[in-house]
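Before I ask anything, here is the structure I am working with.
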Amino acid sequence: MRIRAARPDDVPALFELIEELAEYEALTDAVKGDAHLLSTALFEHETAEALVAEVAGGTVGYAIFFTTFSTFECRPGLWVEDLFVKEDRRDQGIGRALLANIAGIAVDRGCARLEWSALGWNESALRFYKGLGADRLEQWQALRLEGDQLKMLGGR
């Protein structure tokens, strides 16, 4: 197994894995982007970063993360947007290796925290994260504005 920073030539495999994640989460209708937009975000605008996990030369997992900021800590943090390993490659330490690499990046950058969310029904993921020592933030509720509501609030 090898974990490394994604390169532009990884984008097709990354986007396939994103579609696989969407299928696993029963959210295929929510995928509005494409490989071109992903490439632009990662390698032109640099709004996020990606790691890929390879086994025998094939991409079997990925993580996408970006910088956040804590006003209370007055330091940056990292948010893991996606952490995904192909179903037939789970329980081999790949997810842990991806998250450990991001944790190392966070430490190297002086980040105050590493955060992510998980779907409440995904008990295997929740057990995995608990086993890493992650705290569940029960007092926080995720909120989202998108589509027309975002445009309306933004005055556009």
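Okay, residues lined up against (1) closer than 17 Å to Leu98 by Cα; (2) at pLDDT 95 or above:
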| site | (1), (2) |
| --- | --- |
| Ala112 | no, yes |
| Gly120 | no, no |
| Gly131 | yes, no |
| Trp140 | no, no |
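Can you find even one residue in region 88-105 that is within 22 Å of Pro12 (Cβ to Cβ) and surrounded by fewer than 13 Cβ atoms within 10 Å (Cβ to Cβ)?
Yes, there is a match, as at least one residue in region 88-105 is within 22 Å of Pro12 (Cβ to Cβ) and surrounded by fewer than 13 Cβ atoms within 10 Å (Cβ to Cβ).
The values are calculated or read from the model by the stated rules, or taken from the named source; none is laboratory data. From a predicted model like this one, the values you see are computed outputs, not experimental measurements. As a convention, Cβ positions derive from the backbone with ideal geometry for all residues, glycine included, and neighbour counts pool all protein chains shown.
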